[in-house]
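See structure below.
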Amino acid sequence: MRIIDLTHPFTASMPAYPGDPKSGLKQIASVSKDGYADHKLETTMHAGTHIDAPAHTIEDGKRIDELPLESFRGRGMCIDARERKEIDAVLLKDCEIKKGDVVLFCTGFSKRYRDKDYLTDFPVMTEALAEELAERRIKMVGMDTPSPDKIPYTVHKILLGAGILIMENLANLEAFLEIKDFFVEAFPLRLAADAAPARIVAVIR
């Protein structure tokens with residue numbers, strides 16, 4: 001068994017979504033001075049690698065802490081979406097997606113994670129693709145971009161309205177383009193919020 005991390009490190013210098021405050025990670029105690037080390041964390045729920053729950057865009061939708069643990073794990077499938085500005089339903093042709101699967105879209109965009117245009121010039125998912133994923137009743141969708149769509153966030157509403165959780169800002173998806181048998185474990189902090197930072201990994205069996 002091999003485990004690959006799909007999570008970007010959480011640092012104070014990581015990009016913040018336009019309009020959101022930057023995250024802060026500051027050491028407030030050290031072993032040499034205080035006898036112990038401690039850090040203070042300040043962040044929005046949508047910074048770095050994280051998971052969106054239905055409450056993010058659905059009125060009265062469930063929060064992260066209200067979802068059962070089984071919501072955050074499942075059989076993985078990675079689809080090659082590199083060199084595309086729009087990720088459309090044609091990519092699902094011949095894909096044997098099953099109910100409860102975790103579908104990842106590799107755009108290659110994580111290489112630009114710290115570039116200035118990472119948060120503004122990313123590829124997006126079409127509404128038709130989101131609707132087909134909802135019809136196939138997958139469990140989670142993940143992308144190596146900051147979001148599957150832009151304002152007015154219709155794709156978010158389609159996916160989350162169907163109970164499909166959204167993983168954003170993933171890393172290392174290129175490793176899975178040729179791997180067919182893997183399992184995704186994506187457990188967020190149990191916060192009473194619309195989303196939460198998560199440590200997301202893929203287990204190759």
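Every number here is computed from the coordinates shown, using simple stated rules; none is lab data. Computed from a predicted structure; not experimentally measured. Methodologically, a virtual Cβ is constructed for each residue, glycine included, from the backbone with ideal geometry; neighbour enumeration extends over all protein chains shown.
Summary of values
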item: Helix-only CD estimate at 222 nm, as mean residue ellipticity for the chain, using -39500 (n - 2.57) per DSSP H run (n ≥ 4); result: -2500 deg cm²/dmol
item: Set of aspartates and glutamates near LYS98 by C-alpha distance (under 14 Å), chain-local residues within fewer than 8 positions excluded; result: GLU132, GLU135, ASP181
item: Of all DSSP beta bridges in the chain, antiparallel share, percent nearest 5; result: 65 percent
item: Difference of contour (0.36 nm per residue) and Cα-Cα distance, PHE10 to ALA128; result: 39.2 nm
item: Of MET140, MET167, MET14, the one that fluctuates the most in a GNM where the chain has Cα springs shorter than 10 Å; result: MET14
item: Lysines whose Cα lies under 24 Å from that of LYS40, excluding same-chain neighbours fewer than 8 positions away; result: LYS22, LYS26
item: Listed residue pairs exceeding 21 Å between alpha carbons, taken from LYS116/LYS157; LYS62/LYS157; LYS150/LYS180; result: LYS116/LYS157; LYS150/LYS180
item: Separation between Cα centres of segment 105-145 and segment 63-78, rounded to whole Å; result: 18 Å
item: Per-peptide average of other Cβ atoms within 10 Å, ordering 79-85, 25-31, 177-183 highest first; result: 79-85, 177-183, 25-31
item: Shape of segment 93-151, Cα gyration tensor, a/c cut at 1.5; result: prolate
